[in-house]
1. From the list Val492, Val486, Val508, Val452, pick out the single residue that is at pLDDT 90 or above and exposed (fewer than 13 other Cβ atoms within 10 Å of the Cβ).
2. Within the set of pairs 6 or more residues apart or between chains, which connect a residue that is within 12 Å of Thr72 (Cα to Cα) and in a helix (DSSP H, G or I) inside the range 121-150 to a residue that is open to solvent by 40 Å² or more (accessible area, probe 1.4 Å) and basic (Lys, Arg) with Cβ atoms less than 8 Å apart?
3. Which count do you get for residues in the range 89-136 that are modelled with pLDDT under 80, more than 16 Å from Leu226 (Cβ to Cβ) and not basic (Lys, Arg)?
4. In the range 388-401, how many are open to solvent by less than 30 Å² (accessible area, probe 1.4 Å) and under 24 Å from Asn419 (Cα atoms)?
5. Within the range 389-406, can you find the residues that are of a type in the set (Gly, Ala, Ser) and touching a residue at least 40 places away in the same chain (Cβ under 8 Å)?
6. Quick one: would you say Leu382 is without any contact (Cβ under 8 Å) to a residue 40 or more places away in the chain and either open to solvent by 10 Å² or more (accessible area, probe 1.4 Å) or on the phi > 0 side of the Ramachandran plot (or both)?
7. In the set Leu115, Leu135, Leu151, which member is crowded, with 21+ Cβ neighbours inside 10 Å and farther than 19 Å from Asn251 by Cα?
8. Within the range 297-324, track down each residue that is open to solvent by 40 Å² or more (accessible area, probe 1.4 Å) and either touching a Phe, Trp or Tyr at 6+ places or on another chain (Cβ under 9 Å) or of a type outside the set (Val, Ile, Thr) (or both).
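The values are calculated or read from the model by the stated rules, or taken from the named source; none is laboratory data. Computed from a prediction, not measured in an experiment: that's the story for all the values here. Here the Cβ positions follow ideal geometry from the backbone for every residue, glycine too, while neighbour counts run over all protein chains shown. Calculation scope for accessible area: heavy atoms of the full protein, side chains included, ligands and nucleic acids excluded. Shrake-Rupley method; radii C 1.70, N 1.55, O 1.52, S 1.80 Å.
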Amino acid sequence: MKNLYPEQGLGVQLENANLAGQKNEKIGAKALNASAILLFGVIYNRTVFLATTVVLARLLSPEDFGLVALGTSLLTILLAITELSLGSALIHQKEITEDDFHTAFTLGAIRGVLLAAVMVVSGYIMAEAYGDERLIGVCAGLAVRPLLTGLGSPKYIIYSKELSFGTVAFQEGLNFTIQFVVSVAWAYLTDSYWAIVAGTVAASVVGTAMTYMASPYVPQISFRSLSKLLHFSIWLTLNQAVSAVGNRFDNFLAGGWLGIATFGAYNVGNNTAGLITQSAILPLQRVLFPSFAKISDDKQRVQSAFQRSQSSLFAIGMAVGAGQALVAEPFVYLALGPHWPVAILVIQVIAPILGWQIVFGPANALASALGETKMLFNRTLLLLIFRVPIVFIGLYFYGLPGLLISRAISGGVVVSIVNIYVVKKLTGLTLWDQLSVTWRSWVSGFAMAAVVLGLGANSAPISSHLDAAYALAWMISVGGIVYCGVHAFLWVVGGRSEIGIEAEIAKVLTKIYHRYQKVPQRLPL
């Protein structure tokens, strides 16, 4: 191969290569540490969120949850439709200027004010549509969230850009804690749906204040970097808008056709189904995006990194998704009580689908890192075109069972086909390349399900909290042992592949082992 730098000797070239390798190693180590921090944060946040749901389910009714869920669904869609992805645009910039920060703050503030106004007006429209005037107050209360979020410090994004997620994890953990304390206290004192709204508002106040404490900033109005930021974020904005509509439109239909009480139970089950899988992938994408961005010029490294993340995430997603479905009945009975049968059915159907979808999570981060945000929009638009009629037909003709079956078809089959094509376009990885890194998880998941269902076939029906606790304990223990055992066995007999969660765990354990095996040398007497 021709020497591109003939004036450099072999020693200099080797030194440069060594420095590049050290740099890549540092990036990988930093990404690993960031992932560990975020994973710890996710575990804490999901635990607090689960505790909040469990306690509120005991104090409030499914109708209360359904009422607030309608307002929250509207807010989620509005946030996504107007999401400018300013944080992603700032991360994408190699060098961030003060004008970039000022422009990001200006756009965020304007968006927050407009969203708050739209939420207040929409409350009256929804109250008329659903015949419930309580929605006016719910939407007005939830309007505080986008208003405060839009006024946050734009410099806070630096922590994500530099993979320094300690402060981010702390702030998010504090938000969930505040929401738990305020919501539970309010519900205990008033037995009102306002408890959920109050917790959301309190968390927004604390979250916005924390951005300024961690990243001091003096707000200034500026539009100097408008075109630069919007040029990158426009397709992300459209993608998130279409995605939100596709993911939330069925909530408005379900609220009208199923009734607010049934919809409330459906929403609780849906949120619980995605408690770990979907909540875990979003923070991990925040690590993968800047990590992919640093290696985006090396296609071979991108392919390898993508397959490693894809394999590891799917191993977790399969275990959690299938596991949640298996333990849905004792979990709901123990956590929410015996009066939430709808939530059990929803978790059993939706949890595995969300677990399988996690395999395509890195695609969003990679597309953003490569600047292929338009491809994400095209993908999401295509999924929306398929999903709307499928969900509408299922809900209209068969009610709740039809809604769940249609979600399984659109979220399982259609999403998989489209995402496999997108990943191939982004990375060049074929269908076999993508499936080959997940086969151990598929086999392990089916083995876990077979053993747990087989042992549970002869179990007595759950009729008390003690029965539920016992069933939950043995299902988690047996299922976890079978899944991990089969996964590890297949990895060993398959040649100990370098791509997979086992290899990642082995690397970490090896480093820990060598660190503690080092014996300090004694100085001679």
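1. Val492
2. Close Cβ pairs (under 8 Å, with a partner that is open to solvent by 40 Å² or more (accessible area, probe 1.4 Å) and basic (Lys, Arg)) amount to Pro146/Arg111.
3. The qualifying residues number 2.
4. Narrowing the range 388-401 to residues open to solvent by less than 30 Å² (accessible area, probe 1.4 Å): 391, 394-395, 399-400.
Narrowing the set further to residues that are under 24 Å from Asn419 (Cα atoms) leaves 391, 394.
Adding up the residues that qualify gives 2.
5. Passing the criteria: only Gly399.
6. In short, yes.
7. Just one listed residue meets the conditions, Leu115.
8. Asp297, Asp298, Lys299, Gln300, Arg301, Gln303, Ser304, Arg308
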